[in-house]
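Input: a single structure, listed below in structure tokens.
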Amino acid sequence: MSDIYDVIIIGGGPGGYNCAIRAGQLGLKVACIETRKTLGGTCLNVGCIPSKALLHATELYETATNDFEAMGMKASVEFDIPEMIKAKQKTVDGLTSGIEFLFKKNNVDHIRGFGKIVGEGKVEVDGKLYETKNIVIATGSEVATLPNIDIDEKQIVSSTGALELQKVPGKMIVIGGGVIGLELGSVWRRLGAEVTVVEFLDTILPGSDGEIQKQALRTLKKQKMKFELGRKVTAVEKTKSGLTVKTEASAGGKEKDLEADVVLVCIGRRPFTKDLGLDVLKVATDKRGFIETDHFKTTANNVFAIGDCTTGPMLAHKAEEEGVAAAEIIAGKAGHVNYGVIPGVVYTSPEIASVGKTEEELKAAGIPYKKGKFPFTANSRARCNHETDGFAKILAHAETDEILGAHIIGALAGDLIHEVCVAMEFGAASEDIARTCHAHPTVSEAVRQAAMDVENWAMQM
């Protein structure tokens, strides 16, 4: 072929499209292959973005329904599920078309179809061959399933189907107490569904800081979400009246049946690498199917992998960072990702956000630490806004005071966490945040007060 690309990216999600745009900015001849009709991957089409649209809409509905009277207002509010779904889709459509514009602006060729590696520097898309100097695999992940439970996206749904329900189920069983399950469970609980979360472990939000797990569970229970912890689902049976979810204790025995109209399966995600031709170039994967990498490079020459198909947190922004870094490495620059400063956010109400180490991780590693904690009940802006649930917590090294982690559950936690992220990126001490002037009254003062509390001089509690 006469035209050879500098880089072909397989996958147009957050990792892939950011990699493509950055490569285009750096003057490389680049193409991005995407099997969906629209760019943006799972995140934009059936994940992060549509779920946040429904979370925002339902949070406004619940605020108007439950909280206005305490603030001296009266309102009668009704919801329209089909219109809510349309509004969500309008947001998605606007953003996907925006990526198309950015591709054109940065000279990225968008190739529609399924990309498969067929040789060194060769990628086939639906029978057509393309040549390239470098390949970046950015195929993301897919919904993990349970044995003997068939997802039909009508009664038994994945996160994709949960975003398209046309009416509120009377009873919804959520299998999995992680981020996706709690977020989507919150959406339908706010609209009137009786939501029960079944979690294999004895706690929700596995891997989160212990105090965050306990506070989140208390708060969600207060919002009338139900939990069956330490239980596993063995089967879901369809009946004339709906669904029967068969469960037993995680350790075995103690069977219990739960009735539902809709079951949402949210047990996590698995890397999507099927039929990509990885074996052609002997691209190594681990036992779970994740592509093995060393600074984004796979075991095959000039083949890179980023995002959910590799190890690490399955987060869109982690994939974005890796995509940019991979593009810069291919262009001869020093691409880098600081994996110690990748925040995670749960968009429930209140929001939950974390970065860095948990207390449990520090204890296990034998790292001496000190902590500061500040409740939102003592924050003046939170009290004005009737949003006093939660706290901010900062962990710092006991000897150097370097910030090691932060965990926030409360209003705007997803935005507040980034103050700590920036501080950690520069190797700041907790005292640096404590001695930085914050505007009053703002919710951000809770973070400052938590930093002050590391040295026991918080002044507002």
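Values quoted throughout were computed directly from the atomic coordinates according to the rules given, and no laboratory measurement underlies them. Computed from a predicted structure; not experimentally measured. Neighbour counts run over all protein chains shown; Cβ positions are idealised from the backbone, glycine included.
Summary of computed values
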quantity	calculated
Volume of the Cα convex hull of segment 71-209, divided per residue and given in Å³	253
Of every Cα-Cα pair in segment 236-284, the percent that sits beyond 17 Å	61
Cα shape, segment 156-264, gyration tensor, a/c 1.5 rule	oblate
Local electrostatic count at T310 - Lys and Arg +1, Asp and Glu -1, tallied over other residues with Cβ under 10 Å	-3
Across the chain: Cys residues that no other cysteine approaches within a C-beta distance under 4.7 Å	C19, C32, C266, C309, C384, C421, C437
Of every Cα-Cα pair in segment 340-461, the percent that sits beyond 17 Å	50
Equivalent ellipsoid, segment 74-146 (semi-axes from 5 times Cα gyration tensor eigenvalues, Å)	39, 18, 10
D432 paired with N301, simple spin-label distance in nm, labels 7 Å along Cα-to-beta-carbon	4.3
E153, E78, E361 arranged by Cβ crowding within 10 Å, fewest neighbours leading	E78, E153, E361
Mean-position separation - Cα centroids, segment 33-94 and segment 369-445, in angstrom	28
Inter-centroid distance (Cα atoms) of segment 272-338 relative to segment 98-137, Å	16
FRET E, pair L102, K52, Förster distance 30 Å, beta-carbon r, rounded to 0.05	0.90
FRET efficiency, A251 to D3 (Cβ-Cβ, R0 56 Å, nearest 0.05)	0.40
Isotropically averaged projected area of segment 375-422, using the convex hull of Cα atoms (one quarter of hull area), nm²	3.6
Fewest-first ranking of H440, H110, using other Cβ atoms within 10 Å as the exposure measure	H440, H110
Rough spin-label spacing in nm, given labels placed 7 Å along Cα→Cβ, for E131 and F200	4.7
Percentage relative contact order, the chain, counting C-alpha pairs under 8 Å, at least six apart	14
Radius 12 Å from Cβ of E164, net charge of other residues (Lys, Arg +1; Asp, Glu -1)	+3
Exposed-site-free run, longest, the chain (rule: trypsin sites (Lys or Arg not before Pro); DSSP loop; at most 14 other C-beta within 10 Å)	334-434
Lysines whose Cα lies under 19 Å from that of K37, excluding same-chain neighbours fewer than 8 positions away	K86, K88, K90, K104, K116, K128
14 Å beta-carbon shell around F272, net charge (K/R +1, D/E -1)	+2
